[in-house]
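J.: Here you go, one structure.
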Amino acid sequence: MKKTLSLGFLAAVLAVGTAVAGKMRNEDPHWLMNDNSIVTGTANYIKTFYCAGANNIQCAVQIEDPFVVIRKS
Amino acid sequence: MLTKRLTDILCALLVFLFIYTSVSKLLEYHTFRRQLGQSPFITLYAPFIAWALPAGEIIIAGLLLIPRTRLTGFYLSFFLLCLFTFYLAAMLQLSYFIPCSCGGVLQSLSWQAHIVFNIVFIILSALGVLLQIRQQSATASI
């Protein structure tokens, strides 16, 4: 039982560590918006806060990697 | 012995998945809540789901950690993962706008890859249920 508990707990501790480390390490990319402004944030953040809507029209281009494009209606 | 070891490994995998995704969601709570609010099926329930989902995932991980409640944990994992997969499939079929409300690195998966990922974990949960029942009946017969 102890071994089982320790394996599960190890997984739980690793999961928390990985999630927190991932959050801390993430250096957010920069995005060029349609109105030529530059915004910083994850692709998910930009899609949610700046480019909500159906995926039809280009909304933002990642400056570090211009092939990454976010679209909206 | 092999059954027990396999169950432990399955349990650890599911615990890792649920804790990782729930902590990731909680660390980016505001983005997560906003994404849920934009989702066409659950807009009305977004404020409730935004905290209930990570809390539910943590509770399931807790149930999996305790040997006495592990079977319930496997059943709930199976149910929750099936629910996620149906939601993803419905989003892909019925909605043009698809916000990703996944936790951590999972948000970089495509929706199709996400469904495959979920199906793999559904199979692991089902396997966990079967192995746990087998293990419990073996223990009871001793």
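The values are calculated or read from the model by the stated rules, or taken from the named source; none is laboratory data. Predicted model only: the values in this text are computed from it and were never measured. Just so you know, the surface numbers come from the protein's heavy atoms only, side chains and all, with ligands and any DNA or RNA stripped out. Shrake-Rupley method; radii C 1.70, N 1.55, O 1.52, S 1.80 Å.
J.: Tell me, what is a quarter of the convex hull surface for the C-alpha atoms of the protein assembly as shown, in nm² with one decimal?
T.: The number I arrive at for the protein assembly as shown is 12.8 nm².
J.: Could you please put B:129, A:13, A:20 in sequence from largest to smallest accessible area, using a 1.4 Å probe?
T.: Reading off the accessible areas and sorting them downward yields A:13, A:20, B:129.
J.: On alpha carbon coordinates alone, what is the Rg over Rh value for the range B:1-101, Rh being the Kirkwood radius?
T.: Taking Rg over the Kirkwood Rh, I get 1.04.
J.: Just subtract the alpha-carbon distance of residue A:20 and residue A:68 from 0.36 nm times their residue separation and send over the number in nm, one decimal.
T.: 14.7 nm
J.: Go through A:31, B:51, B:111 and list them by solvent-accessible area, largest first, probe radius 1.4 Å.
T.: Output order, biggest surface exposure first: B:51, B:111, A:31.
J.: Please provide three numbers in whole Å: the alpha-carbon extents of chain A along the principal axes, with the largest listed first.
T.: So the extents along the principal axes, rounded to whole Å, are 59, 24, 19.
J.: At a probe radius of 1.4 Å, what is the per-residue accessible area of residue B:82, in Å² to the nearest 10?
T.: That residue has around 30 Å² of solvent-accessible surface.
J.: Still on this structure: I need the helices of chain B that pass two filters: whole DSSP H segments spanning 15 Å or more by Cα along the axis, and mean Kyte-Doolittle score no lower than 0.0.
T.: B:2-27, B:46-65, B:70-94, B:111-141
J.: Continuing with this model, one more query. With just the Cα atoms defining each centre, how far is the range A:46-72 from the range B:50-92? Give it in Å.
T.: 32 Å
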